[in-house]
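A single structure is presented below for examination.
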Amino acid sequence: MTIIGQVVYTAGKTAKVRTARPQACEHCSSATFCKAYSKIEITAYNEIGAQEGDYVSVETTQDKKSLLLLCFLFLTPIGILFLSAGLYTLIPAAAVAGIPLFGLYLVLLKQIDKHYKSSAIIQALALPPKDCGQEDIQN
């Protein structure tokens, strides 16, 4: 998917690009949860040397690693809940085992957040959003 955004920060070969949520998000079943976050920042590889304030075209891809992370993000808490419920039926006091498991889950999420790199790449400089038909992405 190609999106247009404004570079807000550069560091070496990467740049943070602020953009409005893509139109594809409007049809997503989780769109109601994301409405409050209409502007997002994407970390992208900056191979063309875009500077802060430049409008750029960013190509994002969906990779298998992202899908696995989404599964981990949503399915692990459900698994912990079912495990705790199962332990409760066997030994009610053992249901508290879910608390440290949930803590471990949060620690793993924090580690994944630190080490996961997006596969977004800045392709080219672009026209400001008002000129290319997208909504304003300014603060």
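The values are calculated or read from the model by the stated rules, or taken from the named source; none is laboratory data. Quick caveat: nothing in here was measured; it's all calculated off a predicted structure. Using ideal geometry, Cβ is built from the backbone for each residue, glycine included, and neighbour counts are taken over all protein chains shown.
Can you report the number of residues in the stretch 8-26 which are modelled with pLDDT of 60 or more and either of a type in the set (D, E, K, R) or more than 19 Å from T61 (Cα to Cα) (or both)? Steps first, please.
Start the filter on the stretch 8-26 by keeping residues that are modelled with pLDDT of 60 or more, which leaves 8-21.
So of that shortlist, the ones also either of a type in the set (D, E, K, R) or more than 19 Å from T61 (Cα to Cα) (or both) come out as 8-13, 16, 18, 21.
So the count comes out to 9.
Can you spot a residue in the stretch 68-78 that is more than 30 Å from T43 (Cα to Cα), of a type in the set (A, V, I, L, M, F, W, C), loosely packed, with under 10 Cβ neighbours inside 10 Å and not assigned by TED's automatic domain parsing to the domain that holds Y45?
no
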